[in-house]
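Below is one structure, written out as structure tokens; comments come after it.
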Protein chains: 2
Amino acid sequence: VKAAGLDLGGTNVKVCLLDYGEAPRVVERRSAETHAERGPEAVMDVLAGLAADAIAAAGAVQAVGLGAPGPLDLERGRSLWMPNLPGWNNVPIVAEMEARLGRRVALINDSRALTLAELELGAGRGCRDLVCFALGTGVGGGVVVNGQLLLGLNGTAGELGHQTIDPEGRRCGCGNRGCLEQEASGPAIARAGGRATAEAVLEAARSGDERALAAFERAGAKLGIAIANAVLTVGPDRVVVGGGVAAAGELLLRPAREELVRRDRVQPVERVEVVAATLGSYAGAIGAALWAASRIRT
Amino acid sequence: VKAAGLDLGGTNVKVCLLDYGEAPRVVERRSAETHAERGPEAVMDVLAGLAADAIAAAGAVQAVGLGAPGPLDLERGRSLWMPNLPGWNNVPIVAEMEARLGRRVALINDSRALTLAELELGAGRGCRDLVCFALGTGVGGGVVVNGQLLLGLNGTAGELGHQTIDPEGRRCGCGNRGCLEQEASGPAIARAGGRATAEAVLEAARSGDERALAAFERAGAKLGIAIANAVLTVGPDRVVVGGGVAAAGELLLRPAREELVRRDRVQPVERVEVVAATLGSYAGAIGAALWAASRIRT
């Protein structure tokens with residue numbers, strides 16, 4: 001019994017096939033360049049083509065899920081806008097993809113998809129309550145309560161990247177000031193580390209570059225404030241940090257843990273594990289497949 | 001079928017009896033001065049005496065709940081410390097009250113009790129997901145997900161008063177800096193308004209005193225930041241603001257709503273109602289009774 005998971009990213013689109021029985025496992029992974037500059041129609045053609053090929057090769061696929069970034073209107077199956085993909089204002093993404101694939105598509109925010117994947121197959125396994133941060137070009141998140149992904153207000157629960165962690169901080173793309181995203185996203189770390197990308201800052205940090213090390217120290221501490229606020233609200237067993245930036249591992253997580261303990265003095269935070277995600281760059285696609293599978297089963 | 005709810009407050013102890021059938025209703029309310037300076041043993045004697053009288057008068061009471069402030073160890077039935085009551089470090093409050101009353105006592109944090117009461121009988125009725133703030137001498141809170149009170153890490157989910165809303169802000173009693181409690185508690189409003197109590201500031205504000213009005217404007221805006229962060233995390237239908245400070249009503253809630261809209265640009269926050277609690281000063285006792293009743297039923 002298989003589900004397909006599609007992940008619409010600013011740089012790459014990805015598809016995975018998930019065999020979900022007692023123990024779900026990923027049986028296929030494919031990716032292609034997004035070419036976001038070509039606009040939504042062309043991007044959806046690429047993603048649908050990739051998915052259709054994988055599905056055809058797999059035989060029976062029961063459910064298809066799509067993870068997409070940015071504010072979504074889950075009720076109407078639309079993207080409202082996408083921070084890193086031009087032209088996606090108010091696109092009826094579910095109807096468009098269903099027309100291309102000839103089957104039902106279950107939509108979910110990409111960070112919530114990552115959360116679901118880490119919960120069921122990754123670093124969040126066995127957790128009852130879980131908070132997940134996804135640090136990439138933007139910063140997203142997800143919350144799990146009683147073993148269930150929390151959707152909230154039209155699927156927007158877990159928008160942890162837009163928590164205010166400094167009321168007078170940098171202006172964010174969303175319109176607010178001092179969002180976590182302005183301190184702990186890839187571009188924020190690149191800026192603080194004085195390099196073109198967060199990957200380059202990470203490489204420099206591993207060679208002992210002081211400015212690069214300080215950039216992760218600072219981003220980790222800011223992340224720690226956001227973790228503390230989320231932990232105070234939800235009281236989870238574990239906090240999972242995923243997305244490309246999480247490749248920095250302890251360079252980011254150690255200062256985050258230290259800040260959590262410094263900030264949150266009213267909970268037994270020593271019990272809350274703060275760990276890196278384990279599923280890597282296909283986490284969003286895997287989560288989208290799990291989401292689609294759960295929609296069918298319920 | 002009745003449950004008794006006990007509320008241990010710094011100024012008053014309260015007891016209510018709740019007749020819980022299809023539609024629970026409060027059938028009795030009693031209160032007495034806490035005399036916190038006399039220490040835990042004396043305070044528990046007063047509270048147990050008040051409860052025993054009410055229970056004896058009521059006839060059959062099936063469940064007894066106790067709401068208490070401060071960090072609690074719910075698993076072991078202990079208070080860890082209480083911010084506004086001296087001498088309550090590591091008191092086995094459940095065992096002590098059970099010995100005095102000769103019956104089982106279900107312990108819950110007082111702000112979580114208020115949340116439960118507002119959910120079932122007050123301003124949160126009909127909500128699936130709810131966030132509640134309790135603004136008094138301290139600031140507490142509670143979170144409801146899928147119609148259920150969220151407990152989290154040993155019952156500490158919902159500690160919204162200790163969210164960091166300004167990383168370089170005032171030192172808090174908990175050891176952190178910039179907690180919401182330092183901006184929106186009764187003492188914080190008294191300080192900002194230049195009066196002895198928040199009640200006096202409220203009176204002055206109603207007479208048009210500019211400093212008093214500014215104190216509520218500021219506290220409301222800070223509350224709005226904390227509301228935004230909690231709404232981003234949980235995505236609730238409604239936010240309920242209770243506790244003594246909520247008597248300020250729109251003086252506090254209007255700036256809070258304005259700040260929520262200014263801060264949270266990635267969710268349909270226009271759908272999130274921010275309203276005052278409706279149950280008044282017995283909300284904690286009512287919630288403790290509901291909590292005890294729910295423990296028996298499950």
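Summed over the range B:93-133, the residues that are within 17 Å of B:Q163 (Cβ to Cβ) and assigned to a helix (DSSP H, G or I) give a count of 3.
The set of residues in the range B:233-247 being open to solvent by 40 Å² or more (accessible area, probe 1.4 Å) and either in contact with a strand residue (DSSP E or B) (Cβ under 6 Å, 6 or more places away or on another chain) or of a type in the set (G, A, S) (or both) consists of B:R238, B:G244, B:A247. Any residue in the range B:146-164 that is facing chain A (nearest Cβ under 7 Å) and in contact with a His (Cβ under 6 Å, 6 or more places away or on another chain)? No, because not a single residue in the range B:146-164 is facing chain A (nearest Cβ under 7 Å) and in contact with a His (Cβ under 6 Å, 6 or more places away or on another chain).
None of B:A230, B:A215 is without any contact (Cβ under 8 Å) to a residue 40 or more places away in the chain, open to solvent by less than 10 Å² (accessible area, probe 1.4 Å) and not in a loop (DSSP other than H, G, I, E, B) except B:A215. Taken residue by residue, the range B:266-276 has at least one member that is without any contact (Cβ under 8 Å) to a residue 24 or more places away in the chain and open to solvent by 60 Å² or more (accessible area, probe 1.4 Å).
One residue alone among A:G193, A:G224 is crowded, with 24+ Cβ neighbours inside 10 Å and within 14 Å of chain B (Cβ to nearest Cβ), and that residue is A:G224. The condition (being open to solvent by 10 Å² or more (accessible area, probe 1.4 Å), under 16 Å from A:P71 (Cβ atoms) and more than 12 Å from chain B (Cβ to nearest Cβ)) is satisfied by just one residue among A:A134, A:A113, A:A123: A:A134.
Taking first residues from the range A:170-187 that are in a loop (DSSP other than H, G, I, E, B) and partners that are polar (S, T, N, Q) and crowded, with 21+ Cβ neighbours inside 10 Å, the Cβ contacts under 7 Å between residues at least 6 apart in sequence or on separate chains come to A:R170/A:Q182; A:C172/A:Q182; A:N176/A:T164; A:G178/A:T164; A:L180/A:Q163.
Would the range B:196-210 turn up any residue that is more than 10 Å from chain A (Cβ to nearest Cβ) and either β-branched (V, I, T) or under 19 Å from A:L260 (Cβ atoms) (or both)? The answer is yes, given that some residue of the range B:196-210 is more than 10 Å from chain A (Cβ to nearest Cβ) and either β-branched (V, I, T) or under 19 Å from A:L260 (Cβ atoms) (or both). Tell me, yes or no, whether the range B:37-57 has at least one residue that is part of a strand (DSSP E or B), in contact with a strand residue (DSSP E or B) (Cβ under 8 Å, 6 or more places away or on another chain) and open to solvent by 10 Å² or more (accessible area, probe 1.4 Å). So far as the range B:37-57 goes, no, none of its residues is part of a strand (DSSP E or B), in contact with a strand residue (DSSP E or B) (Cβ under 8 Å, 6 or more places away or on another chain) and open to solvent by 10 Å² or more (accessible area, probe 1.4 Å).
Across the range B:191-212, the number of residues qualifying as in a helix (DSSP H, G or I), of a type outside the set (D, E, K, R) and touching a residue at least 12 places away in the same chain (Cβ under 8 Å) comes to 7. Here A:P86 meets the list (1) within 17 Å of the chain's Cα centre (by Cα); (2) open to solvent by 70 Å² or more (accessible area, probe 1.4 Å) almost entirely, failing just condition (1).
A residue that is within 12 Å of another protein chain (Cβ to nearest Cβ), touching a residue at least 60 places away in the same chain (Cβ under 8 Å) and under 21 Å from the mean Cα position of the chain (by Cα) occurs somewhere in the range A:238-259.
Entry remark, the range A:134-169: residues being over 18 Å from A:L80 (Cα atoms), of a type in the set (A, V, I, L, M, F, W, C) and part of a strand (DSSP E or B) number 6 in total. Answer yes or no as to whether A:R76 is assigned to a strand (DSSP E or B), open to solvent by 60 Å² or more (accessible area, probe 1.4 Å) and not aromatic (F, W, Y). So A:R76 does not fit the description; no.
The values are calculated or read from the model by the stated rules, or taken from the named source; none is laboratory data. What you are looking at is a predicted structure, and each value in this text was computed from that prediction instead of being measured. As a convention, Cβ positions derive from the backbone with ideal geometry for all residues, glycine included, and neighbour counts pool all protein chains shown. Accessible surface is based on the protein model in full, side chains and every heavy atom, while ligands, DNA and RNA are left aside. Shrake-Rupley method; radii C 1.70, N 1.55, O 1.52, S 1.80 Å.
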